[in-house]
Amino acid sequence: MTIAYEARRSTLGDFLRRRREGLSPEEAGITALDRRRTPGLRRDEVAERANMSVVYYERLERGRGPMPSPAMLGSIAKALRLNAEESDYMYSLVGQQAPIGDRRDEPAHPDLLAAMDAMAPTVIATITDELATVLVQNAMSTELLGPMAGVEGPGANMLWRWFTEPGWRDWMEPADNHDNTSRYMAAELRATLARRCEDAGALAFLRRLLAASDEFRRIWDDHDVASVRCAYKRIEHPLVGPIELEVTMVLSPMSSQRLVVMQPRRDDRDSGARLVQLHAQLT
């Protein structure tokens, strides 16, 4: 075993111990019948909640024994009620990536929510996870993109809608730009999956999209890779007319989530006026 491996194992043990000691029985949903001499949960309580032996969990806290599997890490994360950042850190100590698929119910990060709330009411703002599943929308996002946050199944995912719902795609962009956007979306997904190569949820989403869209399958075979960038959208709204939008993605330094912001360019007064008109009709 290398020194680096031993150091990571020791750090993992210390992290688990501190998280256990910082979690009260009440927070864990445990009724404490006796007075405790030390704060937090007992090791046997964590082991029971994580469905593992007490001996193995004790060895983990002491920096001994083999590193836990991804499935076991998931059980520990639930037992200790770890948030997304804490789970990411724990998985990284074992040399794994925290599963994206397990984050469907993860709440939007408070910093992104605060940024969304501080924006002008005419800005279209959407918080998504790394796979482009919509977590939160403001009123303008719901009006222009359709209700997606909280939708069951793949309908909450922007990639899924783009490649499987032609009407939604036509609403979002002119037809002559569809191929460029499709290629960029597939390339960005490939970059995301490269970072999450062991993520069962992400791979399941990929297989489902490959089966559902001939276009996506054809583009996917080109093996293009891209990172997040700005883009432009043109929406033909039936009430106020064409709205041209600049798209910016704000990445959270504390999570894999991002805030997708759509607003007119500063010199585009017509689109700005149409958004003001649309917002007035919604309120």
Open item on the list: With the requirement that a residue be at pLDDT 90 or above and either crowded, with 19+ Cβ neighbours inside 10 Å or of a type in the set (Gly, Ala, Ser) (or both), what does the stretch 105-121 give you?
Closed with: Leu112, Ala114, Ala115, Met116, Ala118, Ala120
Task: Residue check, Ala149 over 21 Å from Ile243 (Cα atoms), in contact (Cβ under 8 Å) with a residue 12 or more places away in the chain, among the small types (Gly, Ala, Ser) and in a loop (DSSP other than H, G, I, E, B) - done: yes
Open item on the list: If I ask for residues that are under 23 Å from Arg274 (Cβ atoms) and among the hydroxyl-bearing types (Ser, Thr, Tyr), which ones from the stretch 137-175 would you list?
Closed with: Ser141, Thr142
Task: Matching residues in the stretch 254-282 - criterion: being free of Cβ contacts under 8 Å to residues at least 24 places away in the same chain and part of a loop (DSSP other than H, G, I, E, B) - done: Pro264, Arg265, Arg266, Asp267
- [ ] Would you be able to tell me the number of residues in the stretch 188-207 that are exposed (fewer than 15 other Cβ atoms within 10 Å of the Cβ) and modelled with pLDDT of 90 or more?
- [x] 1
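For the stretch 94-104, indicate whether the set of residues that are within 14 Å of the chain's Cα centre (by Cα), within 21 Å of Ala200 (Cβ to Cβ), crowded, with 22+ Cβ neighbours inside 10 Å and modelled with pLDDT under 90 is non-empty. Explain how you work it out, then say what you get.
First, pick out the residues of the stretch 94-104 that are within 14 Å of the chain's Cα centre (by Cα): 97-104.
Still in the running and within 21 Å of Ala200 (Cβ to Cβ): 97-104.
Then drop every residue that is not crowded, with 22+ Cβ neighbours inside 10 Å, which leaves 98, 100.
Filter again for modelled with pLDDT under 90, leaving 98, 100.
Scanning the stretch 94-104 turns up at least one residue that is within 14 Å of the chain's Cα centre (by Cα), within 21 Å of Ala200 (Cβ to Cβ), crowded, with 22+ Cβ neighbours inside 10 Å and modelled with pLDDT under 90.
The values are calculated or read from the model by the stated rules, or taken from the named source; none is laboratory data. Keep in mind that what you see is a predicted model, and the values were worked out from it rather than measured. Note: ideal-geometry Cβ built from the backbone for every residue, glycine included; neighbour counts use all protein chains shown.
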